[in-house]
Amino acid sequence: MGRMIDGAWHAGKVTEDSKGGAFERQDAGFRDWLTPVGIPGQDGQPGRPVTPGRYHLYVSYACPWAHRTLIARALYGLDDAIGVSVVDPVMLDNGWTFGTNRGGSGDPLHDAEFLWQLYARARPDYSGKVTVPVLWDRETDTIVSNESADIIRMLAAFAGSGPDLYPQAQRQQIDQVNARVYDTVNNGVYKAGFATTQDAYEAAVRPLFESLDWLEERLSASDWLVGEAMTEADIRLFTTLVRSRCGLSLPLQVQRAPHLRLSGVGCLRRKDAGRSAHRRDGASRSHQDALLRQPPRPQPLRNRARRSCPPLGSPHRGRRSDARLTSRLAAATCWRWNARSPRRRRWRPGR
């Protein structure tokens with residue numbers, strides 16, 4: 001992912017700040033606030049006035065944190081009040097880029113090539129990670145905030161109509177749900193997915209599935225996490241779950257305890273191919289299926305793997321659908337090649 005040090009970009013790995021093999025998330029570096037008349041924010045942050053057309057949002061469609069702000073912007077009807085630019089979904093040596101070959105929109109405000117250039121423009125001596133979403137102030141030419149939780153609440157100041165995603169009477173309950181979901185689910189999949197030691201993995205994956213059980217029980221009695229209508233708690237959870245269910249975060253897939261096994265390449269293998277919480281008797285749906293109120297998808301290939309399947313990433317694989325690729329990846333995590341035999345045999349944890 002890389003980072004900036006004293007205003008200069010330095011390429012690096014996502015896990016470079018890990019301590020004891022555990023993934024460490026950096027706090028947001030920009031935390032100003034938007035208020036109707038520009039008074040200080042709810043925690044004393046510097047305030048900026050709400051002015052339609054003044055602010056611009058930088059997002060990635062691949063990022064669950066940025067996805068939150070896009071949902072809030074749409075629900076509040078702010079398409080005309082706040083513009084949006086989309087970065088390239090693939091993050092390489094220069095971090096987020098403004099390439100347009102894979103759905104990116106480019107940067108219409110500054111014609112920047114990389115997102116880190118906007119961070120340097122806002123704060124020339126900035127040190128830290130370069131992340132999305134970013135709320136940009138076009139008038140002062142700087143970043144207002146790069147904290148998604150703050151941005152979705154600030155957008156409410158623009159809204160003349162739309163849902164109340166943070167109702168006064170339910171704020172304490174929403175904050176309690178948000179705190180657990182953030183630590184064990186939103187950030188929990190990253191802590192498990194980017195763990196580099198077995199101890200760090202187990203410390204993250206157990207609370208993750210405990211919270212999924214808790215959420216499943218909570219949502220079995222209600223359509224919403226808090227109260228009788230959608231709140232920001234539902235949005236914050238949804239953007240993480242939908243990516244896990246659709247296989248858009250394959251490197252962050254985790255397996256359910258007690259069969260915990262961390263592979264040697266940093267990708268977390270699963271006891272059952274492609275199913276994070278599906279019991280062998282088939283009597284239970286996965287947590288994602290239960291939470292999203294969707295019927296379970298057919299399980300990928302489990303009992304055999306085709307010998308003719310080239311290795312993942314091979315140029316000879318050809319063009320296949322996402323579903324086919326996902327099935328092959330699931331099969332690859334459950335089977336390995338036995339050099340003494342022309343057959344593949346089942347991979348079992350601990351061997």
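Quick one: residue 46 ticks every box in (1) closer than 18 Å to residue 158 by Cα; (2) touching a residue at least 40 places away in the same chain (Cβ under 8 Å) except a single one, so which number is it?
Exception for residue 46: condition (2).
Looking only at residues in the range 61-82 that are of a type in the set (D, E, K, R) and at pLDDT below 95, which one is nearest to residue 230 (Cα to Cα)?
Of the range 61-82, the ones of a type in the set (D, E, K, R) are 68, 73, 79-80.
Then keep just the ones that are at pLDDT below 95; that gives 79-80.
Details: 79: 20, 80: 23 Å.
The residue in question is 79.
Under 6 Å by Cβ, and 6 or more places apart or on different chains, what pairs join a residue from the range 20-41 that is part of a strand (DSSP E or B) with one that is aliphatic (A, V, I, L, M)?
22/200; 34/50; 34/154; 34/157
For a quick check of your reading of the model, give me the residue pairs whose first member lies in the range 186-210 and is acidic (Asp, Glu), whose second is surrounded by fewer than 22 Cβ atoms within 10 Å (Cβ to Cβ), with beta-carbon atoms closer than 6 Å and at least 6 apart or on different chains.
The qualifying pairs are 202/260.
Could you list all residues from the range 21-48 that are over 23 Å from residue 123 (Cα atoms) and of a type in the set (Ser, Thr, Tyr)?
If the condition is that a residue be over 23 Å from residue 123 (Cα atoms) and of a type in the set (Ser, Thr, Tyr), then no residue fits.
With the range 126-237 as the region, which helices (runs of 4 or more DSSP H) entirely inside it contain at least 1 residues that are surrounded by fewer than 20 Cβ atoms within 10 Å (Cβ to Cβ) and out of contact with any helix residue (DSSP H, G or I) (no Cβ under 9 Å at 6 or more places or on another chain)? Quick ask: steps written out before the conclusion?
Working: elements: 148-154, 171-181, 188-193, 198-219.
Those helices (runs of 4 or more DSSP H) span 171-181, 198-219.
Quick check: is even one residue across the range 91-113 hydrophobic (A, V, I, L, M, F, W, C) and in contact with a Cys (Cβ under 7 Å, 6 or more places away or on another chain)? It would help to see each step written out before you state the result.
As a first pass, look at the range 91-113 and keep what is hydrophobic (A, V, I, L, M, F, W, C): 91-92, 96, 98, 109, 112.
Applying the additional criterion that residues be in contact with a Cys (Cβ under 7 Å, 6 or more places away or on another chain) yields none.
Within the range 91-113, none of the residues are hydrophobic (A, V, I, L, M, F, W, C) and in contact with a Cys (Cβ under 7 Å, 6 or more places away or on another chain).
Yes/no per residue for (1) more than 19 Å from the chain's Cα centre (by Cα); (2) modelled with pLDDT of 50 or more:
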position: 197; (1), (2): yes, yes
position: 216; (1), (2): yes, yes
position: 226; (1), (2): yes, yes
position: 235; (1), (2): no, yes
position: 254; (1), (2): no, yes
position: 259; (1), (2): yes, no
position: 271; (1), (2): yes, no
position: 276; (1), (2): no, no
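Kindly indicate which of 76, 61 is among the aromatic types (Phe, Trp, Tyr) and surrounded by fewer than 19 Cβ atoms within 10 Å (Cβ to Cβ).
Working: 76 fails: surrounded by fewer than 19 Cβ atoms within 10 Å (Cβ to Cβ).
The match here is 61.
Can you name the number of the only condition in (1) of a type in the set (Val, Ile, Thr); (2) outside any helix (DSSP H, G or I); (3) within 22 Å of the chain's Cα centre (by Cα) that residue 51 fails?
Residue 51 satisfies all of (1) of a type in the set (Val, Ile, Thr); (2) outside any helix (DSSP H, G or I); (3) within 22 Å of the chain's Cα centre (by Cα) except (3).
Quick one: count up the residues across the range 83-106 that are more than 15 Å from residue 1 (Cβ to Cβ), surrounded by 20 or more Cβ atoms within 10 Å (Cβ to Cβ) and either at pLDDT below 95 or not aromatic (Phe, Trp, Tyr) (or both). Give the steps one after another, and end with the answer.
Residues of the range 83-106 more than 15 Å from residue 1 (Cβ to Cβ): 83-86, 98-106.
Of the ones still in play, those that are also surrounded by 20 or more Cβ atoms within 10 Å (Cβ to Cβ) are 85-86, 98.
When the remaining residues are screened for being either at pLDDT below 95 or not aromatic (Phe, Trp, Tyr) (or both), the result is 85-86.
Total satisfying the criteria: 2.
Enumerate the pairs (first residue in the range 120-146 and over 18 Å from residue 33 (Cβ atoms); second residue anywhere and surrounded by fewer than 15 Cβ atoms within 10 Å (Cβ to Cβ) and among the polar types (S, T, N, Q)) with beta-carbon separation below 6 Å, excluding pairs fewer than 6 apart on the same chain, so at least 6 apart or on different chains.
Listed pairs, sorted by first residue: 128/26; 129/26.
Quick check on the range 133-144. Is at least one of its residues over 17 Å from residue 51 (Cβ atoms) and either of a type outside the set (S, T, N, Q) or in contact with a Lys or Arg (Cβ under 6 Å, 6 or more places away or on another chain) (or both)? Lay out the reasoning, then the answer.
Going residue by residue through the range 133-144, those that are over 17 Å from residue 51 (Cβ atoms) are 133-134.
Now restrict to residues that are either of a type outside the set (S, T, N, Q) or in contact with a Lys or Arg (Cβ under 6 Å, 6 or more places away or on another chain) (or both): 133-134.
Yes.
With respect to residue 80, determine if the residue is among the charged types (D, E, K, R) and over 17 Å from the mean Cα position of the chain (by Cα). So that I can check it myself, show each step before the final result.
Details: among the charged types (D, E, K, R): yes; over 17 Å from the mean Cα position of the chain (by Cα): yes.
Judged against the criteria, residue 80 is a match.
Assess whether residue 221 counts as being over 22 Å from residue 65 (Cα atoms) and either in contact with a Ser or Thr (Cβ under 8 Å, 6 or more places away or on another chain) or in contact (Cβ under 8 Å) with a residue 60 or more places away in the chain (or both). Lay out the reasoning, then the answer.
Working: over 22 Å from residue 65 (Cα atoms): yes; either in contact with a Ser or Thr (Cβ under 8 Å, 6 or more places away or on another chain) or in contact (Cβ under 8 Å) with a residue 60 or more places away in the chain (or both): no.
So residue 221 does not fit the description; no.
Among the residues in the range 59-81, are any touching a strand residue (DSSP E or B) at 6+ places or on another chain (Cβ under 6 Å), part of a helix (DSSP H, G or I) and either small (Gly, Ala, Ser) or more than 30 Å from residue 37 (Cβ to Cβ) (or both)?
Yes.
The values are calculated or read from the model by the stated rules, or taken from the named source; none is laboratory data. Computed from a predicted model, the values in this text were never measured in an experiment. FYI the Cβ positions are ideal-geometry reconstructions off the backbone, even for glycines, and counts take in every protein chain you see.
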